[in-house]
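Have a look at the structure below, then the notes.
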Amino acid sequence: MLKIMFLCTGNSCRSQMAEGIMREWGKGIIEPFSAGVTSAGFVHPKAIEVMRESGIDISKQNSKPMDINLLYLMDVIITLCGDAEETCPVTPPGIKLLHWPIADPSRLTGTEEEIMDAFRKTRNELKKRVFLFIQELHYANRT
């Protein structure tokens, strides 16, 4: 199974959503992980809520700090924000590094509806990127 690590700043929103989507859509071919450059210590309730709207439950996932030793076990590391891209240690040899710059919805201020829309937009962008990643993986394995 392909091992993928999603890294972001606090491991409370984007990386948690990406892990949940990849776990659901990559069953049997991908083992996803997530971590933060620093751990927020919780999964954001709005991330849990918008993922639940999509039929994916991330409520049992935990916010974790980045573990250098675990990075060495990955096949692919995907950073989801500038902080993780800039502070991620040198990628271990043989591990592919990708960067998906996605804004942090938890930093948005506004009405409840505007904030929820930002979380949904983030979820939808992650779903699109995960879908394309899995499609490329299938294509690469066919050739």
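The values are calculated or read from the model by the stated rules, or taken from the named source; none is laboratory data. Only a predicted model underlies this, so the values are computations on that prediction, with no experimental measurement involved. Don't worry about glycine lacking a Cβ; one is built from the backbone with ideal geometry, like all the others, and counts go over all protein chains shown.
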- Checked Leu71, Leu108 against criteria (over 18 Å from Asn124 (Cβ atoms) and of a type in the set (A, V, I, L, M)); the one match is Leu71
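So how many residues does region 3-24 have that are among the aliphatic types (A, V, I, L, M) and farther than 11 Å from Ile77 by Cα? Give the derivation first.
Just the residues of region 3-24 that are among the aliphatic types (A, V, I, L, M), to begin with: 4-5, 7, 17-18, 21-22.
Next, from what is left, pick out any that are farther than 11 Å from Ile77 by Cα: 17-18, 21-22.
The total comes to 4.
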- Given the conditions (1) of a type outside the set (Lys, Arg); (2) in a helix (DSSP H, G or I); (3) modelled with pLDDT under 95, and given that Gly110 satisfies all but one, which numbered condition is not satisfied? (2)
- Single residue of Ile95, Ile115 found to be under 21 Å from Val37 (Cβ atoms) and at pLDDT 90 or above: Ile95
